[in-house]
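To start, the structure under review is shown below, and the notes come after it.
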Amino acid sequence: MTFGQPWFLAGTLAALIPLLVHLFDRRRPRQVPFAALDFVLRSQKRTASRLRLKRLLLYLLRTLLLLAVPLALSRPSFSTSDLASSRRGLAATAVVLDTSLSLRWSDGTRLFDVAKDEAKTALRELSQEEPATVVVCTRAPVAAAPLGFERTRLLAALDDAAPGFEAIDLNQCLELAARSLDDSPLPNRRLVLVSALAQGSLRLEAPPPLGAGQKGEKLKPEVVVRDVARGKKELPNRALIDVRAEAAPQLGPRAWQFTFTVRNFAATAARDVELRLEVDGEVVQKGFVDVSADGTTQKTLSWRFAKGGVATVTGRLETDALTDDDALSVVLSVPRELTALVVNGSPSPQKYKDEAFFTEAALSATGSPVRAVLRDADAAWHEKLSDYDVVLLLNVEAPPPEMARALETFVLEGGGLFISVGDRVDPEAWNASMGRVLPRKLRVVKTAVEPNAPDAATRAARLTQAALNHPVMLPFTGRAREGLLSTRFYRYALFEGDAQGVETEVLGTMDDGAPVFLASRRGKGRLFVFASTVDRDWSDLPIRTSFLPLMQRVAGWLTGTLDEREEVRAKVGSTVSLTPENGQSPAWARAASGAEVALTTQPGGAVTGGPMPEPGPWVVVDAKGAVLERLGFAVAIDPGASNLSRHSLDALGEWLGEESVRTAGSGGGESSTPLWTWLITIAVLAFFFEGMLLRK
Amino acid sequence: MLLDAATLSRIAGLKLRARAVVEGVLSGQHKSPHQGQSVEFAEHKEYAPGDELRHLDWKAFGKFDKYYVKRFEHETNLRAVMVVDTSGSMGFGTTGLSKLDVARVMAATLSHLLVRQQDAAGVALVAAGRFAEVPPRSAATHLQVVLGALETATAQGPTDLASAADTLAEKLPRRSLVCVFSDFFDEKQDALKRVLALRSRKHDVALFHLLDPAELLFPFEDPTLFVSMEDARQVEVNPREIRESYLEEFGRFLANTKDACRAADCDYELVRTDEPIDQALLRFLARRGGRL
């Protein structure tokens, strides 16, 4: 018999209390003169034998209660004590300790604690003549010490072991353990596998472990399996396996929605499971999900951030027996507010004829992160461009040379420039003035049909292609795409080919192949050219539902907020790759628990680090310890590791060969019920019957 | 003071009547075994030789043409003896009054009632080896003697109701009312039988069974050393363990006592020392008044 918490055994002394009370209780009873003494005497005589029996039973029950509770707390368990003299005699032994995520499962007692106790027990039960070693099975397993007779280092290695957050390769560990026994002069070899037998960590389709004898012959070791899950059919578990973070402009500025995927790895359905949304550690939303048995479901929670910047968002499920995969984080960059200078090249007192009317309305709509400042051309040339994130030139005459230079500088240094054409745009003047900025030079204006013609609706040019994978075009799928493609264009500008050294993306083309939307990068900045007007003179785009999201996405893309920060997500055990900005020198990644991983700068400027040891949000710090907020990232547990489905002992026996596998300890067939549960049952029964006797 | 003004006022309108026929030296309101000496007409009897001719009812002769003799009931005064048990157990009390206190007050009150209605009242204080008696008298001044005797009564010594009953049987030559105030905790098995045997001597016997609530309910909780009030016996018990058995035993004792009284045609009145004394007396007097 072994004890998990042996110091609780001291509590068994309490069993002496009833005896001591009986022996030393010298309380003087109250003396009462009583007239009906005869009746008392008669009653006492009548009940004496029954009372004696009752007192004896009470004494026994109380002693049993006081004995059973500390015994149960000391977590006793029966273990086979004949490992040392196994059926093959003395054997060189390697104990393999599973440290996979499954060992973090807990139903009050963490399986890993049970596993360590089992491994230590296995070592202690060996005879002194049997050499032994320990393999702590991690991602990179090594034998704790060479095969030997000294146990102290082996026990210390077991004490130092900690459970991981991923599935491990137990096959590799068993192979390593079998090879570590090759040097033994003893003919018998034994592997003691202490594991929860999760299918994700042990592949039964792989060949079973084999060792080599002194003459090189293959030896099949005896395998003793200590099942720390005590023969449980399953280790039920729920996990958050994915989160999709999306901007939700329909809910307001800086609003995001997070779609969590919940997986139930259990044979019974889970109902009303709470899912909390935490932003920077504070719970901001709650929801409930039902997940069918062995099923998956999704739940979307949304949140509107008070300000832009980097935020750590965590979804947290109601905890179950394995808490580590109940939380999933994402580090995201909430777009900051943008300031746009809208230069109106064709102002009009009639709003719907004003060139900037529709654009300004689109940029200022609810949920838009853009704050638009409207100026006519003359006033705009006096503005300080560096105060703006994006400049929109709407049907503007060619800017004067100094302004053209200022616009070029603005773009090169990271600004966004939007250009739409119209009757004020003279291609030659623009090419002369802004030739260095434009992605493609303007050629002529083509008229598909006069806007006032009676058949204008049918003869107007239409978009035939749209680059829907471009960030600007991502929302235009399904019916939204149809809406965009059905836009009528009466006139539009034609462009020449790409300027030398400039790469232009065409996001939309007419049925004649003419580009309508051109996107380009210059220096640190970006340009977007629309080949028609943003009022209703040349096209009906402004009155279409596509116009508003299109303009907001264009503004976002121009300022880099659509792809402002590449969201980095890594899995436990994988390497993370980060792209620092200029001047940043990330040195360490640090988890909330304090764990650190060194980062290495790669030749291309990227920074890598790993393998990442634990899940959760990580921050990146430079050599001076300053936090580089924008480089923060989240690490998640591989969903496969959360599946704790177990191998049956029968399947293991089949894999290892019936003649070589044995079960022992808490996982040994009928002895799978721990002794302490019986002791608790006995204590409860003793307490119950003691109460019954007292009441009678 | 044994006589309580409130109690006396409550029973002022009542009279203690003998339930059975009693003999007295004076004429009173109780039935006498002797007929013919009274003015109270009782019944007609057909004339037989030897009957008093002066009792012939001539009016009946005129109506029925037969000789009828008038019979009269004789009424006499009542002799009553208050037998108060003064054994040690009567000194027990948890309500502020011992059983002896209650017995003395009840005996005094009944004596007062009897003397007031011109009946003779006496008292006998009994315990093992003790028998103090004040013979029944009907004089108003005699009440003070009775009260004085009751005042001096103290509870001590074992109970011996059997001997007291035998002594009373000898000392009461004529039919009398015998009121016994006791807890009847007598070791002698036939004590009650011998008390009730007074009934067979034509005495009117009324038993006042005085009990303390603690004896009836046994409310003790913690382990207790119970000490006898009549001898040196003592016993240590856990009251909670024997309560059920005690109540069972005591209930049987009460039932047996009551049944024995009913069988012997004697009055039985259970008196709890925590109830107002006048209530027990009122119950007793009302019952007797209702039957007469």
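Structural descriptor for region A:498-563: relative contact order 19 percent, calculated from alpha carbon pairs under 8 angstrom and at least 6 residues apart. A crude spin-label estimate for the pair A:Leu412 and A:Ala480, with each label 7 Å from Cα along the Cβ direction, gives 3.6 nm. The residues of region B:235-255 listed by number as losing at least 40 Å² of accessible area in the complex, against the isolated chain and with a 1.4 Å probe, are B:Val235, B:Glu241, B:Ile242, B:Ser245, B:Tyr246, B:Glu249. Note on the protein assembly as shown: antiparallel DSSP beta bridges, both residues inside, total approximately 60 percent of the bridges counted. A straight line joining the Cα centroids of region A:418-496 and region A:52-78 runs 90 Å.
A 1.4 Å probe, protein heavy atoms only, puts the accessible area of B:Ser98 near 20 Å². For the pair A:Leu23 and A:Asp511 in one chain, pulling the backbone fully straight at 0.36 nm per residue adds 164.9 nm over the alpha carbon distance. Once the C-beta distance of A:Ser348 and A:Glu282 is scaled by a Förster radius of 51 Å, the resulting FRET efficiency is 0.55 to the nearest 0.05. Between the helical axis of A:111-124 and the dominant principal axis of chain A, each derived from Cα atoms, what acute angle in degrees is found, rounded to the nearest 10? Tilt relative to chain A: about 40 degrees. Accessible surface of B:His55, taken over heavy atoms with a 1.4 Å probe and every protein chain present, rounds to 40 Å². Annotation: amide H of A:Leu338 within the under-5 Å range of A:Val370, A:Arg371, sequence separation 5 or more or interchain, hydrogens built in the peptide plane.
What is the sum of charges around A:Ala157, taking Lys and Arg as +1, Asp and Glu as -1, for the other residues whose C-beta is under 13 Å from the C-beta of A:Ala157? Here the charged neighbours net out to +1. Once both labels are positioned 7 Å from their Cα atoms along Cα-to-Cβ, the gap between A:Arg371 and B:Glu170 label points is 12.7 nm.
Among the trypsin sites (Lys or Arg not before Pro) within region B:195-292, those in coil by DSSP and having at most 16 neighbouring Cβ atoms inside 10 Å are B:Lys202, B:Arg233. Legend: calculated FRET efficiency, A:Ile543 to A:Ala606, from the Cβ-Cβ distance at R0 = 60 Å, rounded to 0.05, equals 0.85.
If R0 is 41 Å, the Cβ-Cβ spacing of B:Ala232 and B:Arg262 corresponds to a FRET efficiency of close to 0.70.
For region A:339-558, state the semi-axes of the equivalent ellipsoid (square roots of 5 times the eigenvalues of the alpha-carbon gyration tensor), sorted largest first and rounded to whole angstrom.
After scaling each eigenvalue by five and taking roots: 24, 19, 18 Å.
Would you mind calculating the gained length between A:Lys233 and A:Ala140 on full extension (0.36 nm times residue separation, minus the Cα-Cα distance), in nm to one decimal?
Values: separation 93, 0.36 × 93 = 33.48 nm, distance 2.90 nm.
Using 0.36 nm per residue and subtracting the Cα-Cα distance, I get 30.6 nm.
Proximity of backbone amide H atoms, modeled 1.01 Å from N, is registered between A:Arg521 and A:Glu503, A:Leu527 at under 5 Å, excluding neighbours fewer than 5 places apart on the same chain. Amide H to amide H, with H built 1.01 Å from N, B:Leu270 comes under 5 Å of B:His209, counting only residues 5 or more places away or on other chains. Measuring with a 1.4 angstrom probe and ignoring ligands and nucleic acids, A:Met473 comes out at about 0 Å² accessible. Helix A:675-695 and the longest principal axis of the C-alpha atoms of chain A enclose an angle of approximately 70°. Summed over both chains, the contact between B and A buries some 2500 Å² of accessible surface at a probe radius of 1.4 Å. The coefficient of translational diffusion for the protein assembly as shown, derived via Stokes-Einstein from the alpha carbon Kirkwood radius under 10 °C and 1.306 mPa s, stands at 39 µm²/s.
Placing dummy labels 7 Å off each Cα toward the beta-carbon, the span from B:Glu46 to A:Gln257 is 12.3 nm. Length gained on full extension, A:Arg52 to A:Thr268, computed as 0.36 nm times the residue gap minus the Cα-Cα distance: 72.5 nm.
The values are calculated or read from the model by the stated rules, or taken from the named source; none is laboratory data. Just so it is clear, the model here is predicted, and its values are computed rather than measured. Backbone-built Cβ (ideal geometry, glycine too); neighbour counts: all protein chains shown. All accessible areas refer to the heavy atoms of the entire protein, side chains included, with ligands and DNA or RNA removed. Shrake-Rupley method; radii C 1.70, N 1.55, O 1.52, S 1.80 Å.
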